[in-house]
Amino acid sequence: MDDLERQAHLQALQTAAEGPQHSCELSERCRVQACLLGLAAGAPLVIGAWLLWANQAFAHSILVWGPALLFIAAGGAGLAIARALWRRHGCVVLALTPDTLAFANSPEPAQLYQFSEFVLEQSYLHTTLAFTVHAPKGAPPLSPRCYRSLAVPDAWPIAGGLQIKLWYVRLTLDGEPLKHRQVVQLIYSYVEAAQARHTLALLFPGVQRLGEVRHSTGQ
């Protein structure tokens, strides 16, 4: 790498290091989905209760009990999931600062430069977000996932601690819903800036601020 390439690389790092300078919280938005699921779960409950009533009133057949209880169980499970999603609404999924990232179950924020990449996988009902950890110690510590994991957006380590995974229904920033592309751009801007500042700190260990980097390089 010649001097011109080094200068261009350093300038690119300085530009990337400026990045976002404010903190933000990405929160879950799933109240509509919870309501729709609750309404949908009511149908099998009603059908199961009607089958039990009709059997008691007319048929008196033990064969009706099986399907009726299955309908009631399915409706009850749907209502339980809907209630969990209702409680999940408004929970903070990710808390970002210019230098750190905190998950819902992080005992303390993790340094952003520790994450080398992230991948979003979008499905019809939810989106999965996986962060790849680039650190000798592996994934930062996380509190164990709550047994009511549907009700809280906890993250969990996978791939032997080399990745951290979570899922969400819809993310909001300051109450405004974010599209898939907006989530990617927002998180990427924080990660890229933190990694650039970390690289600059390794190159210039005595420099604490970006302006001092520019001064030390004569820009």
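The values are calculated or read from the model by the stated rules, or taken from the named source; none is laboratory data. Here the structure is a predicted model, which means the values were calculated and not measured. Cβ coordinates were reconstructed from backbone atoms using ideal geometry, including for glycine residues, and neighbour counts include every protein chain displayed.
Per-structure values
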| read-out | value |
| --- | --- |
| Some residue of segment 138-149 being over 24 Å from residue 17 (Cα atoms), exposed (fewer than 13 other Cβ atoms within 10 Å of the Cβ) and in contact with a strand residue (DSSP E or B) (Cβ under 8 Å, 6 or more places away or on another chain) | no |
| Tally of residues being among the acidic types (Asp, Glu) and assigned to a strand (DSSP E or B) across segment 12-27 | 1 |
| Some residue of segment 80-92 being crowded, with 17+ Cβ neighbours inside 10 Å, closer than 26 Å to residue 196 by Cα and touching a residue at least 12 places away in the same chain (Cβ under 8 Å) | no |
| Test: residue in segment 174-182 that is out of contact with any Leu (no Cβ under 9 Å at 6 or more places or on another chain), at pLDDT 90 or above, part of a strand (DSSP E or B) and within 18 Å of residue 27 (Cβ to Cβ) | yes |
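Residues are listed down the side, and each one gets a yes or a no for (1) under 28 Å from residue 180 (Cβ atoms); (2) touching a helix residue (DSSP H, G or I) at 6+ places or on another chain (Cβ under 8 Å); (3) exposed (fewer than 12 other Cβ atoms within 10 Å of the Cβ); (4) in contact (Cβ under 8 Å) with a residue 40 or more places away in the chain:
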| residue | (1), (2), (3), (4) |
| --- | --- |
| 11 | no, no, no, yes |
| 21 | yes, no, yes, yes |
| 26 | yes, yes, no, yes |
| 29 | yes, no, no, yes |
| 33 | yes, yes, no, yes |
| 51 | no, yes, no, no |
| 62 | no, no, yes, no |
| 71 | no, yes, no, no |
